[in-house]
Structure formats: structure tokens, C-alpha cells
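This report refers to the structure that appears directly beneath it.
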């Protein structure tokens, strides 16, 4: 019986980051919002037939939110959280670079907009993960405006 109690206590301590309903709500709200907003941008890319579509943008946004949320909710100092954000930005740069293709025949560069949407999805995830939900929503709406309305004006 004592061993069962020790195991139970170990499990409870390992899941203590969702120790109460308030904390669980914050975590689920921030991650859920990052998923929804990443999906909005990813859906637009998916409709345009781009390789980086719905799932990619959801994962980028959620991953960025998670990277920022953990230190922010762990009471890390601002300098440490800032370094985490800098790391996310650098890492996303490599992912975006993978979306850019240079066609050898006509020297045309393709994928710049998709690379930019990956970068923006990460920034939106950072905002959501840091608890700046209104900023994340406003940024998504502006990004969707640029991708849909300005695209029509461009043509």
C-alpha cells in the first residue's frame, strides 16, 4: 500500500503544471488558440495548394506557443524568456527557408509567401503562448487580410 501511495504522489508531482483548474484553463486556452489561429492561416495556404498547409501551420503555431508558455508559466525571468523567443525565431527561419524553392530553368523564386506565413504563424503562436491573446487574434486577422484581399488587388 505504501508503494502505491508513493507512485501516486510521484504521478501527481509530475503533472503539477496543471495542478488546479485555473492553470489547466490557461494552458488549454493558450494552446487551443494557437491551434485555431495557426489553422486559419494554414487553411488559406491549403486552399491555394501550397505544400505547407493546415497541419504545418497548426504545428508551427502550437509549437511556438508551447516553447514560450512553459517558461512564462514557470516564472522564469524576462531575460530567459526572451532567449527562448529568440531561439524560436531562429529555428523558424530554417523551417521557412525549406519552403523557398528556386526554379533553375527560369530563375524564379517560389515559396516566399508560404515561408512568410510560417514565420507569422510562429509569431502568432508566441503571442498566444505568452498570454497576449488579443494580439494573436488581431495579427491573424491582418495576416488573412494580406493573404486574401491584398492578393486580389495584386492581380
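The values are calculated or read from the model by the stated rules, or taken from the named source; none is laboratory data. For clarity, every value in this text was computed on a predicted model and none was experimentally measured. No Cβ is skipped: glycine too gets one built from the backbone with ideal geometry, and neighbour counts run over all protein chains shown.
Checking residue 50 against (1) out of contact with any helix residue (DSSP H, G or I) (no Cβ under 8 Å at 6 or more places or on another chain); (2) more than 24 Å from residue 132 (Cα to Cα); (3) in a loop (DSSP other than H, G, I, E, B), which single condition isn't satisfied?
(1)
Residues checked against (1) surrounded by fewer than 17 Cβ atoms within 10 Å (Cβ to Cβ); (2) on the phi < 0 side of the Ramachandran plot; (3) modelled with pLDDT under 90:
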residue: 49; (1), (2), (3): yes, no, yes
residue: 75; (1), (2), (3): yes, no, yes
residue: 81; (1), (2), (3): no, yes, yes
residue: 99; (1), (2), (3): no, yes, yes
residue: 126; (1), (2), (3): no, yes, no
residue: 130; (1), (2), (3): no, yes, no
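Cβ contacts < 6 Å: first residue at negative phi and part of a helix (DSSP H, G or I), restricted to segment 1-28; second residue at pLDDT 85 or above and surrounded by 10 or more Cβ atoms within 10 Å (Cβ to Cβ), any location; separation 6+ or different chain. Result?
As it stands, the answer is 18/24, since those pairs meet every condition given.
Within segment 17-47, how many residues turn out to be over 22 Å from residue 126 (Cβ atoms) and touching a helix residue (DSSP H, G or I) at 6+ places or on another chain (Cβ under 9 Å)?
Total satisfying the criteria: 2.
Step by step: first the residues of segment 22-38, then only those that are buried (at least 20 other Cβ atoms within 10 Å of the Cβ) and under 23 Å from residue 112 (Cα atoms), then the one that is farthest from the chain's Cα centre (by Cα). Which residue is that?
By that ranking, first place goes to 37.
Test residue 96 against the stated conditions and say whether it is closer than 18 Å to residue 140 by Cβ and in a helix (DSSP H, G or I).
yes
Pull up segment 83-137, narrow it to residues that are closer than 20 Å to residue 27 by Cα and free of Cβ contacts under 8 Å to residues at least 60 places away in the same chain, then point me to the one that is nearest to the chain's Cα centre (by Cα).
The extreme case among them is 123.
With respect to the numbered conditions (1) farther than 19 Å from residue 132 by Cα; (2) part of a helix (DSSP H, G or I), which one is the sole condition not fulfilled by residue 89?
With (1) farther than 19 Å from residue 132 by Cα; (2) part of a helix (DSSP H, G or I) applied to residue 89, the lone miss is (1).
Given the conditions (1) touching a helix residue (DSSP H, G or I) at 6+ places or on another chain (Cβ under 6 Å); (2) in contact (Cβ under 8 Å) with a residue 40 or more places away in the chain; (3) within 21 Å of residue 90 (Cβ to Cβ), and given that residue 147 satisfies all but one, which numbered condition is not satisfied?
(3)
When you go through (1) surrounded by 14 or more Cβ atoms within 10 Å (Cβ to Cβ); (2) part of a helix (DSSP H, G or I); (3) touching a helix residue (DSSP H, G or I) at 6+ places or on another chain (Cβ under 7 Å) one by one for residue 70, which number turns out not to apply?
The failed condition is (3).
Just to be sure, is residue 125 closer than 20 Å to residue 34 by Cβ and outside any helix (DSSP H, G or I)?
Criteria not met by residue 125.
Residue 75 fails exactly one of the following numbered conditions: (1) under 14 Å from residue 129 (Cα atoms); (2) assigned to a helix (DSSP H, G or I). What is the number of that condition?
Just one mismatch for residue 75, condition (2).
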